[in-house]
Amino acid sequence: MVVNPGSTNNACMVTNDPNACGDEKRIAASGGEFELVYAAGHCHAPACLSMELWDADRNELLCRNEPTIGAGQGVHDEKGFVVGIAPCVWGAAADGLRPPPRVRLDGNYTSIKRVNSTHGHWGVMALWQMRGAYAD
């Protein structure tokens, strides 16, 4: 994280973008916890089979994503390629969502990516795109 210029308590993922900052003091006031509201595994085709995000301290699966593989020849349905990966989303029960898991700044988390390594493929990578909310 990049420290926001002119501030001592903000952690920013993007320099000079106040919307990409988290207030570390506010998170600390909630016991170092915040709520995970969105998590999306991002991995490339054709090898990606699944991605999992685990809370290693609690041995709890937080999110599992499996890609949708195309079956045709049309745009966004190319046979054998990842054409979409549904994210994990949490929120209000009134919206039909599960409650957000609380994650900790000092927690231990494990990411597992499963791939089909039957055939070699350059550029097989993976990362998580996530959003959180203050827990207070």
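The values are calculated or read from the model by the stated rules, or taken from the named source; none is laboratory data. Just so you know, these numbers come straight off a predicted model, no measurement behind them. So basically every Cβ, Gly included, is an ideal-geometry build from the backbone, and we count neighbours across all protein chains shown.
Any residue that is surrounded by fewer than 17 Cβ atoms within 10 Å (Cβ to Cβ), within 30 Å of His119 (Cα to Cα) and either at pLDDT 95 or above or among the hydrophobic types (A, V, I, L, M, F, W, C) (or both) - is there at least one of those in the stretch 70-78? The answer is yes, given that some residue of the stretch 70-78 is surrounded by fewer than 17 Cβ atoms within 10 Å (Cβ to Cβ), within 30 Å of His119 (Cα to Cα) and either at pLDDT 95 or above or among the hydrophobic types (A, V, I, L, M, F, W, C) (or both). Condition check for Val115 on (1) in contact (Cβ under 8 Å) with a residue 60 or more places away in the chain; (2) closer than 26 Å to Glu24 by Cβ: one failure, at (2). The residue of the stretch 79-120 that is modelled with the highest pLDDT, among those that are aromatic (Phe, Trp, Tyr) and in a loop (DSSP other than H, G, I, E, B), is Trp90.
Considering only the stretch 38-55, I want to know if a residue exists there that is of a type in the set (D, E, K, R) and out of contact with any Leu (no Cβ under 9 Å at 6 or more places or on another chain). No; the residues of the stretch 38-55 include none that is of a type in the set (D, E, K, R) and out of contact with any Leu (no Cβ under 9 Å at 6 or more places or on another chain).
Go through the stretch 98-131 and give me each residue that's among the charged types (D, E, K, R) and more than 16 Å from Arg64 (Cβ to Cβ). Show your work before the answer.
Step one: list which residues in the stretch 98-131 are among the charged types (D, E, K, R), which gives 98, 102, 104, 106, 113-114, 131.
Residues satisfying the conditions are Arg102, Arg104, Asp106, Arg131.
Arg64 falls short on exactly one of the conditions (1) at pLDDT below 95; (2) under 15 Å from Leu127 (Cα atoms); (3) not hydrophobic (A, V, I, L, M, F, W, C), and that condition is (1).
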